[in-house]
Amino acid sequence: MSEPFFHTDCPSCGAPVHAHSPTSVTLVCGYCNSMLVRQDGGIIDKGRDSALLEDFSPLQIGTRGRYGTAAFNIIGRLQMHYDAGVWNEWHILFDEGGTGWLSESGDIYSLTRPQTESALQLPPFDDIRAGFSTLDYNGKRFMAADVRRVTMKHVAAQGELPFEFNRDIESRTADWRCENLFLTTDYGDDPPSLYAGNTVKLDDLQLENLRTEDQITAGAGRLKGTRQSENCPNCGSPVHWVDGLANNILCPSCGSDLEAVGGTIELIEADAMRAAQQKALTLPVGSKGKLRGRNYIVIGAVHKEELEAQTAFDLMYAFKRPTGIVPEGHWREYLLYHPTSGSFLWLIESDNGWEIAQTLHDWPRLDRHGQPQGGDKLYDYGSRVGYAAGAFYWHVRHRDLTFHSDYKSGKGKIGSELSVNEIAWSRSEPASKREIAEAFGLPTAAMNTLSGDDRQTPSGIVWITLALLCVLNLPAFFYGDGEWTATTVGIAGFYLYNFGMASEDGAVPSLSRFLTVSLIVVSLATGLNYMFSNTDSSGYSGYNSSGGYYGGGFSGGHK
């Protein structure tokens with residue numbers, strides 16, 4: 001690390017305090033957490049800062065790395081606590097001069113540097129909408145990806161910061177994305193500050209002096225990725241979580257909202273799950289498996305209700321309050337964690353089968369409508385959290401709303417998930433139930449169901465339905481318009497076969513859904529065939545040998 005630009009002793013505890021950047025304004029004593037502000041060549045003690053939450057980040061003050069060709073050191077840290085979770089902002093100093101920020105949020109990292117773009121017209125903060133607002137910068141169009149208000153009272157600090165830390169200030173920031181490019185606009189300054197950079201992967205930064213396992217053990221008493229277990233303070237049932245990774249936990253037995261603090265869990269809000277929510281998950285939280293060559297732990301599960309797209313949109317933005325909302329279906333999402341690499345994976349279980357999904361670090365290239373270029377639109381739909389269990393790197397709440405848009409991409413699909421404050425993109429591909437069952441050591445039969453009414457349609461049911469369609473229409477074929485009947489039965493049978501059998505992406509409808517659709521299609525086709533059969537029969541009996549028609553359709557016409 002570079003030689004200190006400024007050094008003195010902490011006026012509170014006497015420990016040495018150093019500043020490595022000439023632009024550092026706030027220093028936090030590493031021994032007593034006193035907040036010190038550089039002023040007139042000296043420092044002023046502003047009182048104690050709140051302690052950092054030990055989140056087991058591999059980064060630390062003193063970590064060195066390289067961003068492109070520019071070497072840097074980490075010299076400070078902000079830990080932002082907000083209503084949906086926690087993220088770290090690491091203050092970095094480049095050897096060539098200048099500073100930047102390495103943001104660590106869940107499994108997404110970005111590195112940005114301050115920009116001096118006086119001519120850039122930024123929109124007012126209150127006008128920015130995640131997923132809708134755009135910003136043109138350096139010939140690229142960026143979309144608002146995350147828009148947040150965070151009170152600094154819920155922020156912890158460490159090391160050197162380039163501004164005076166004031167807990168009465170509300171932080172207002174917006175993150176903007178364009179493929180792998182990343183912008184942050186900070187409206188805490190007047191005029192707002194602009195930071196530009198890229199999403200990054202830690203492996204690409206050539207990092208040195210990361211925290212060792214011994215340091216993590218000494219600081220927190222256990223290693224990152226260790227499974228912890230404790231009884232729920234509300235119902236007493238065992239609760240499992242991955243220590244140091246996810247601090248927001250939901251009891252799988254009673255649904256209580258819990259928070260992991262210092263290796264123990266505290267009750268935020270008690271809840272009692274309905275009996276329907278207590279049914280065993282296909283992959284219970286804590287399950288371990290080896291999927292596509294990697295070992296994973298299931299750390300969280302979310303049960304989502306499918307809503308009609310417009311209904312979800314109206315509820316999210318309070319345009320109107322629809323009444324009598326009935327979910328159109330449901331699915332489950334399982335959050336998987338790989339302890340060695342610290343990476344995440346999602347498994348999606350629906351009545352269409354299983355999918356494996358990952359959050360995209362780099363966004364797809366979007367057109368002017370905000371849709372992926374070259375991606376065929378599949379569908380829009382909404383979701384609402386029914387219940388959740390386990391631990392997550394954000395705060396999952398009952399009835400959280402999301403607007404989904406899916407697009408075809410090769411054998412899988414890419415999709416956006418839009419909430420009021422953020423939008424994210426993910427890529428998913430189908431997985432067979434056999435693959436998931438083998439990965440987690442479950443019998444294949446256990447992978448057939450979401451619930452008792454959501455069994456996947458057996459192929460035998462499809463063939464029985466097709467046979468029934470043919471048998472019901474045999475009289476119409478022989479005694480009515482045979483050509484019409486054959487055409488109708490052929491179209492109906494072709495539709496039912498393709499609807500009931502697995503598609504190329506492995507999608508299979510639920511049994512209840514297939515039976516409902518089959519009843520409608522068979523009834524409609526059969527009814528049409530017999531209606532035309534009766535019409536033809538009536539016309540035939542109205543013809544006599546002496547010529548002309550009587551009865552039936554013509555009754556005299558004009559006088």
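The values are calculated or read from the model by the stated rules, or taken from the named source; none is laboratory data. All values reported here derive from a predicted model rather than from experimental measurement. Positions of Cβ are backbone-derived with ideal geometry, glycine not excepted, and every protein chain shown enters the neighbour counts.
Below, the figures for the structure above:
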| quantity | calculated |
| --- | --- |
| Residue tally, condition touching a residue at least 60 places away in the same chain (Cβ under 8 Å) and basic (Lys, Arg), over region 416-445 | 2 |
| Strands (runs of 3 or more DSSP E) (entirely within region 282-339) containing at least 2 residues that are crowded, with 20+ Cβ neighbours inside 10 Å and of a type outside the set (Lys, Arg) | 294-307, 329-338 |
| Selection status of Tyr381, over 28 Å from Leu511 (Cα atoms), of a type in the set (Ser, Thr, Tyr) and touching a Leu at 6+ places or on another chain (Cβ under 8 Å) | no |
| Filter result for Gly100 (in contact (Cβ under 8 Å) with a residue 24 or more places away in the chain and among the small types (Gly, Ala, Ser)) | yes |
| Test: residue in region 400-414 that is part of a loop (DSSP other than H, G, I, E, B) and within 18 Å of Glu306 (Cβ to Cβ) | yes |
| Count of residues meeting criterion [among the charged types (D, E, K, R) and not in a strand (DSSP E or B)] in region 129-161 | 2 |
| Region 141-199 - residue that is closer than 29 Å to Trp363 by Cα, in contact with a Gly (Cβ under 7 Å, 6 or more places away or on another chain) and not small (Gly, Ala, Ser) and, of those, modelled with the lowest pLDDT | Arg172 |
| Any chance Asp49 is over 30 Å from Arg397 (Cα atoms) and modelled with pLDDT under 90 | no |
| Only listed residue being at pLDDT 90 or above and surrounded by 16 or more Cβ atoms within 10 Å (Cβ to Cβ), chosen from Ala437, Ala476 | Ala437 |
| Filter result for Gly97 (assigned by TED's automatic domain parsing to the domain that holds Pro191 and out of contact with any strand residue (DSSP E or B) (no Cβ under 6 Å at 6 or more places or on another chain)) | yes |
| Meets criteria (in contact (Cβ under 8 Å) with a residue 60 or more places away in the chain and either part of a loop (DSSP other than H, G, I, E, B) or in contact with a strand residue (DSSP E or B) (Cβ under 7 Å, 6 or more places away or on another chain) (or both)) for Pro114 | yes |
| Criterion violated by His361 - all others in (1) under 18 Å from Ile423 (Cα atoms); (2) crowded, with 18+ Cβ neighbours inside 10 Å satisfied | (2) |
| Selection status of Gly342, modelled with pLDDT of 90 or more and surrounded by fewer than 19 Cβ atoms within 10 Å (Cβ to Cβ) | no |
| The one condition in (1) touching a strand residue (DSSP E or B) at 6+ places or on another chain (Cβ under 6 Å); (2) more than 21 Å from Asp362 (Cβ to Cβ); (3) free of Cβ contacts under 8 Å to residues at least 40 places away in the same chain that Ala70 fails to fulfil | (2) |
